[in-house]
Amino acid sequence: MKAELLRLLRNSTDYISGQELCEKFGVSRTAIWKLIGQLREEGYDIEAVTNKGYRLVSYPQVFNAVELMSRMNTEWIGKKVYFREETESTNTDAKNLADAGAGNGTLVVADTQTGGKGRRGRSWYSPVGSSISFSLLLRPEISPQCAPMLTLVMGVAVAEVLHNLYRDMDVRIKWPNDVLINDKKVCGILTEMNAEMDYIHDVVIGVGINVNQDEFPEEVSEIATSLRMVTGEKQERTPIVVGVMEFFEYYYGLFEKQQDLSAFVDIYDSYLINRKREVCVLDPKGSYKGIAEGINDRGELIIRMPDKSIRRVSSGEVSVRGVYGYV
Ligand code: BTN
């Protein structure tokens with residue numbers, strides 16, 4: 001109710017009367033007054049004028065569930081947001097919530113993680129106050145073979161948000177699941193699935209975005225960057241999470257309809273970092289080089305081999321590098 005009240009105030013250019021709010025939420029004037037008081041204590045400047053009502057004058061830069069929910073314009077994603085100041089891993093939290101019956105679209109967001117998980121058993125660095133760590137719980141009605149495509153749906157959503165918020169930046173996707181700015185990693189995605197042979201119980205898509213870090217641990221300092229390092233200014237985290245959810249919902253809708261990525265392959269490819277360039281495919285069965293042509297409808301990376309034959313690379317099996325290193 002607090003988030004809804006805040007949303008109403010935020011979206012209204014005029015005063016909203018106490019009576020209107022009471023009717024809308026079916027509560028007393030005292031209950032509304034109490035909530036307004038709480039919001040004020042949290043830093044929201046809310047003007048109250050007799051015979052007119054309430055008006056939001058300014059709001060603080062906070063990162064929490066109420067702020068996220070009040071700014072998110074989605075149909076079904078993020079209707080339930082769990083915010084943790086500190087947690088081990090939002091992916092683990094989302095998994096536990098899934099086991100406890102949480103619904104499709106539940107979102108877990110943390111200010112910091114003490115045991116953030118990366119791909120291939122690596123850890124993910126998410127320091128206090130400067131990173132974004134969130135996990136989205138989905139219960140998709142798709143076959144388990146289609147689940148890896150969800151990572152690409154999230155990748156395109158993150159790329160779209162960063163591209164829209166920071167028009168001058170060179171935002172790229174390193175297939176399948178890294179988002180880069182100026183050739184350095186700004187976001188990683190870890191998708192974990194709980195499924196039977198032919199049935200998905202739930203999928204958790206975990207996203208880590210480097211926002212206000214000004215340094216990284218030595219082992220990743222060469223390949224990682226943050227939005228602050230690129231822009232030179234501190235960035236607000238809420239609009240990024242909200243934007244990712246809105247874009248994800250849009251692209252997920254297209255994916256659900258077709259059960260593949262056909263509706264936005266071109267958009268994905270337009271962000272692909274090594275498109276039309278030589279890459280090295282690190283396949284456990286043997287590495288090889290070829291030209292990355294783009295993805296197909298199933299999200300596989302198409303590689304044109306020197307003899308002009310085509311190979312399709314599935315995410316999960318292999319990793320792809322530029323011939324000179326990370327990109
Ligand atoms: C990678 O690039 O290796 C994937 C990194 C994924 C990190 C995110 S942060 C939120 C979520 N919780 C985790 O423990 N991991 C993911």
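Summary table
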{"read-out": "Charged-residue dipole, Cβ positions (Lys, Arg, Asp, Glu), the stretch 267-327 about Cα centre, Debye nearest 20", "value": "160 debye"}
{"read-out": "Given charges at beta-carbon only (K, R positive; D, E negative), |dipole| of the chain in Debye", "value": "280 debye"}
{"read-out": "Among 210-219, 124-133, the order from most to least packed when residues are scored by Cβ within 10 Å on average", "value": "124-133, 210-219"}
{"read-out": "Residue-by-residue Karplus 3J(HN,Hα) for the stretch 220-233, coefficients 6.51, -1.76, 1.60, Hz, glycine and proline x", "value": "10, 4, 6, 10, 9, 9, 10, 5, 5, 5, 7, 8, x, 9"}
{"read-out": "Percent of Cα pairs exceeding the 13 Å cut-off, where the set is the stretch 249-296", "value": "64 percent"}
{"read-out": "Cα gyration tensor, the stretch 201-304 - rounded (a/c under 1.5), prolate or oblate", "value": "oblate"}
{"read-out": "Two-site label geometry, residue 27 and residue 146: point separation in nm, points 7 Å out along Cα→Cβ", "value": "4.0 nm"}
{"read-out": "R0 of 35 Å, Cβ-Cβ distance residue 305-residue 256: FRET efficiency to nearest 0.05", "value": "0.55"}
{"read-out": "Among 90, 78, 150 the positive-end extreme of the charge dipole of the chain (Cβ point charges)", "value": "150"}
{"read-out": "Antiparallel bridge percentage (DSSP; both residues within the stretch 65-179; nearest 5)", "value": "55 percent"}
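A short reminder: the numbers here are calculations on the coordinates, not readings from a lab. Just so it is clear, the model here is predicted, and its values are computed rather than measured. FYI the Cβ positions are ideal-geometry reconstructions off the backbone, even for glycines, and counts take in every protein chain you see.
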